[in-house]
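Read the structure below first, then the notes.
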Amino acid sequence: MTADPPELQRLFNPKAIAVIGASNRPGNIGGIIFERLMPSLRKLYPVHPRETHIMGYAAFSEVTALPDGIDVAIVATGAAAAVSATEACAARGIPFLIIVAGGFGETGTGGARLEARLKRVVAHSASRILGPNSLGIFIPAERLDTIFVEHGDKALSRGGGVAFITQSGSVGVEALGLASNTGYGMRAFVGLGNKCDLDELDFLDYFGRDPDTACLAFYLESIEHGRRFLDRARQVTPHKPVIVLKAGRTPSGARAVSSHTGRLAGMDAVVSGALRQYGIQRVMDDEELCDASKSLSMLPPAPGPRVAVLTPAGGFGVMCADYVEADHRGTPLTMARLQPETVRRIRDATFPFAACENPVDLTASADDAMFGRSLDALLLDDGVDIVICTAFFAPPAISDSLIREIADRARKSPKPVITFTQYGPFTDLYLRRFHDAGVVGFPSISRAVRAARFLVERARILAALEGRP
């Protein structure tokens with residue numbers, strides 16, 4: 001190395017960005033990236049050998065013509081040209097390079113040789129490389145977006161506390177696009193790509209120390225420095241949840257990892273045991289990864305496994321009880337036994353015909369205020385650790401004010417409150433409104449109960465890390 005490596009802060013909050021391969025041609029990837037960066041209000045420098053202006057910005061014919069002071073260069077050209085551009089950027093002293101192109105180690109011998117040249121750039125300069133084959137970064141709060149495919153960017157623009165680091169760009173953007181339909185608070189998206197330089201360890205370090213990050217979520221197909229990753233995660237997990245979706249669990253999946261990334265997948269039983277030992281929460285698919293990170297970034301760990309269910313629809317309460325007490329890998333839940341005083345408070349707040357034991361069925365005659373007062377009673381019960389509200393808007397006396405009734409209590413409660421709602425074609429809209437009010441909600445009972453398990457698991461991890469029973 002010719003100098004100390006730059007701080008990652010310059011990658012996530014750059015003052016000046018160059019886009020190599022930007023163009024006015026419709027559909028051009030470099031042009032799409034350049035246009036997405038324009039709302040960031042950073043200094044932008046397009047590089048194209050023939051065009052003089054791109055989207056109103058003066059273009060530079062080559063990297064050597066760029067001014068000093070550029071923090072990030074995004075290389076959006078073919079693989080061979082990307083290597084030459086990367087070498088030129090490193091020679092100019094540009095600290096961070098995001099390489100969008102594929103066609104490297106994942107494609108065979110020729111691509112592996114190109115990737116080896118990128119590694120030599122890192123070895124002989126102070127520049128750092130994200131990629132190749134990377135979608136780059138998306139920081140909603142900074143309006144900084146290098147992702148050239150659709151990814152729910154407008155729905156995610158409110159920001160949040162999850163740092164989402166993914167080895168597969170498509171897994172990341174599709175999962176986040178779906179999660180954003182019902183509300184998802186994202187601090188940052190990072191597409192690792194082939195990880196010729198920057199990898200999961202770098203971003204575990206950075207976001208583990210970042211005060212604006214509440215939870216770290218990883219999709220990984222290979223872990224480059226397994227022992228170091230675990231050791232660093234052990235330093236982070238007492239303060240922030242770390243969630244990992246490790247793909248390649250089966251022999252066929254492991255072969256697919258090798259084909260996709262050019263790297264070997266580790267033995268799955270070893271991976272599971274190691275993650276558990278170091279306080280990392282493992283999930284098994286993209287939906288679980290999004291649901292776990294959403295829940296753990298917004299809700300406190302559960303003080304215990306005892307769940308109370310509050311519903312205006314008795315059948316959903318019954319199904320919720322079944323899900324709660326069904327066998328589940330490693331994280332059992334149980335239905336809470338309500339104290340007599342709790343039952344009395346609920347009865348006083350509702351109709352004589354309401355079912356006031358757990359699950360609490362207020363019936364379709366309930367109104368917003370009854371729901372709120374019953375939730376108060378459940379949260380006051382020392383035998384209740386988690387409350388799941390099945391919140392429906394079809395009953396005639398239920399209005400949109402139910403969102404406020406639940407949100408006002410959920411925000412103040414040291415116990416987690418999770419909602420499940422369905423309202424036909426308006427389900428996603430109501431879940432987003434719950435999310436915007438600070439309430440975690442899901443469109444199915446099974447996902448709401450699973451979220452409760454994540455919170456109980458988190459509490460057990462903290463107890464184990466602190467040596468408590």
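Scan segment 39-62 residue by residue and report those that are touching a strand residue (DSSP E or B) at 6+ places or on another chain (Cβ under 7 Å) and either closer than 18 Å to Phe138 by Cα or hydrophobic (A, V, I, L, M, F, W, C) (or both).
Those that are touching a strand residue (DSSP E or B) at 6+ places or on another chain (Cβ under 7 Å) and either closer than 18 Å to Phe138 by Cα or hydrophobic (A, V, I, L, M, F, W, C) (or both): Ser40, Arg42, Lys43, Leu44, Val47, Ile54, Ala59, Phe60.
Are there any pairs, at least 6 apart or on different chains, whose C-beta atoms fall under 9 Å, with the first in segment 25-38 and not assigned by TED's automatic domain parsing to the domain that holds Glu51 and the second surrounded by fewer than 22 Cβ atoms within 10 Å (Cβ to Cβ) and modelled with pLDDT of 95 or more, and if so, which?
Qualifying pairs under 9 Å: none.
Specify which of the listed residues (Ile74, Ile94, Ile129) is within 13 Å of Val19 (Cβ to Cβ) and either part of a loop (DSSP other than H, G, I, E, B) or touching a Lys or Arg at 6+ places or on another chain (Cβ under 9 Å) (or both).
Working: Ile74 fails: either part of a loop (DSSP other than H, G, I, E, B) or touching a Lys or Arg at 6+ places or on another chain (Cβ under 9 Å) (or both); Ile129 fails: within 13 Å of Val19 (Cβ to Cβ).
Checking each option against the conditions leaves just Ile94.
Filtering segment 155-172 down to residues that are out of contact with any Phe, Trp or Tyr (no Cβ under 8 Å at 6 or more places or on another chain) and either part of a helix (DSSP H, G or I) or charged (D, E, K, R) (or both), which residue is surrounded by the fewest Cβ atoms within 10 Å (Cβ to Cβ)?
Residues of segment 155-172 out of contact with any Phe, Trp or Tyr (no Cβ under 8 Å at 6 or more places or on another chain): 157-159, 161, 169-170.
Among the residues that remain, those that are also either part of a helix (DSSP H, G or I) or charged (D, E, K, R) (or both) are: 158, 169-170.
On the way: Arg158: 16, Gly169: 24, Ser170: 11.
Of everything passing the filter in segment 155-172, Ser170 is surrounded by the fewest Cβ atoms within 10 Å (Cβ to Cβ).
Taking the condition of being among the aromatic types (Phe, Trp, Tyr) and either under 25 Å from the mean Cα position of the chain (by Cα) or modelled with pLDDT under 95 (or both), how many residues in segment 267-322 meet it?
1
Please determine, by comparing only the residues of segment 424-465 that are closer than 23 Å to Lys154 by Cα and among the hydroxyl-bearing types (Ser, Thr, Tyr), which one is surrounded by the fewest Cβ atoms within 10 Å (Cβ to Cβ).
Here the residue is Thr427.
One line per residue, one yes/no per condition, for (1) under 17 Å from Pro300 (Cα atoms); (2) more than 20 Å from the chain's Cα centre (by Cα); (3) of a type in the set (Ser, Thr, Tyr):
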position	(1), (2), (3)
Ser413	yes, yes, yes
Pro416	yes, no, no
Thr421	no, yes, yes
Asp428	no, no, no
Arg432	no, no, no
His435	yes, no, no
Ala452	yes, no, no
Val456	yes, no, no
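Among residues belonging to segment 174-203 that are crowded, with 22+ Cβ neighbours inside 10 Å and aliphatic (A, V, I, L, M), point out the one that is farthest from Val121 (Cα to Cα).
Ala179
Across segment 136-154, which residue is surrounded by the most Cβ atoms within 10 Å (Cβ to Cβ) among those that are over 16 Å from the mean Cα position of the chain (by Cα) and closer than 15 Å to Ile98 by Cα? First the steps, then the outcome.
Looking only at segment 136-154, we keep the residues that are over 16 Å from the mean Cα position of the chain (by Cα), and these are 142-144, 146, 148-150.
Still in the list and also closer than 15 Å to Ile98 by Cα: 144, 146, 148.
Numbers: Leu144: 23, Thr146: 26, Phe148: 23.
Only one residue tops the list, namely Thr146.
Please tell me if Thr331 is part of a loop (DSSP other than H, G, I, E, B) and over 26 Å from Pro301 (Cα atoms).
No.
The values are calculated or read from the model by the stated rules, or taken from the named source; none is laboratory data. Note that the structure is a prediction, hence the values are computed from the model and not measured. Because the Cβ atoms are built from the backbone with ideal geometry, glycine has one as well, and the counts that use them run over all protein chains shown.
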